[in-house]
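The values are calculated or read from the model by the stated rules, or taken from the named source; none is laboratory data. Keep in mind that what you see is a predicted model, and the values were worked out from it rather than measured. Ligands, DNA and RNA are excluded from the accessible area calculation, which covers all protein heavy atoms including side chains. Shrake-Rupley method; radii C 1.70, N 1.55, O 1.52, S 1.80 Å.
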Amino acid sequence: MIELKKKGQSINLTKKGNDVGEILVNLNWNQNTKAAKSGGFLSSLFGGGQKNFDLDLGCLYELNSGEKGCVQALGNAFGSLKDGPYIQLDHDDRTGASTGGENLRINGSRIKDIKRVLVYAFIYEGAANWSEAGGIVKLTYGGGEDIVVKLDEHRNGQIMCAIAMIENVQNETFSVKRLVDYFPGHAKMDQAYGWGMSWQAGSK
């Protein structure tokens, strides 16, 4: 396992045959249940205690054709693995109780079609308290060691975290770079990384 610990640290994926194979990006996080339980029955009855996190995994993508978009549960934009954008979100874990967390799958056989992918997480429900969420992202693929990025540089109060940038390297492989930058929403993150998309409020 390789952990990217410093901002800007990057690594190239190892090819397996002609491509890197399917890439699985997994997000897992801890539930802060102690605060909710400590208030007891009266606290829960009157709305006290900590509300569970709903931490969502997603990505911005840019294809070499110029197409841009996002894959995320918000807006039911789950993507497609076989067709463009060649990225798919498997499901929406609203409690963090799923042992498998949430997963983005990237079709590594379509390297020539994918220019870059910005992997992010955002807190859809619950306090924007990243230090208690304890998010961990793990990238696994067939050709090399697992790559881990821990969301351990906290900026509480910001709901978005840009976790990693996956970029095309000469149509042969992908590089993975640690970001862990925090933003108040999709639009500000988009501006910071020059995606140039239009954003509006959504729900799920």
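Quick notes on this one:
- Which listed pairs, of Lys16/Lys112; Lys6/Lys150; Lys7/Lys112; Lys68/Lys138; Lys15/Lys177, have C-alpha distances above 21 Å, in listed order: Lys7/Lys112; Lys68/Lys138
- Rolling a 1.4 angstrom probe over segment 101-204 with all protein chains present gives an accessible area of which 41% lies on carbon and sulfur atoms.
- Shape summary: segment 122-204 maps onto an equivalent ellipsoid whose semi-axes, from the alpha-carbon gyration tensor, are 25, 18, 11 Å in decreasing order.
- Note, ³J(HN,Hα) from phi for segment 167-176, Karplus 6.51, -1.76, 1.60, rounded to Hz, x at Gly and Pro: 10, 5, 10, 6, 6, 10, 7, 10, 9, 10
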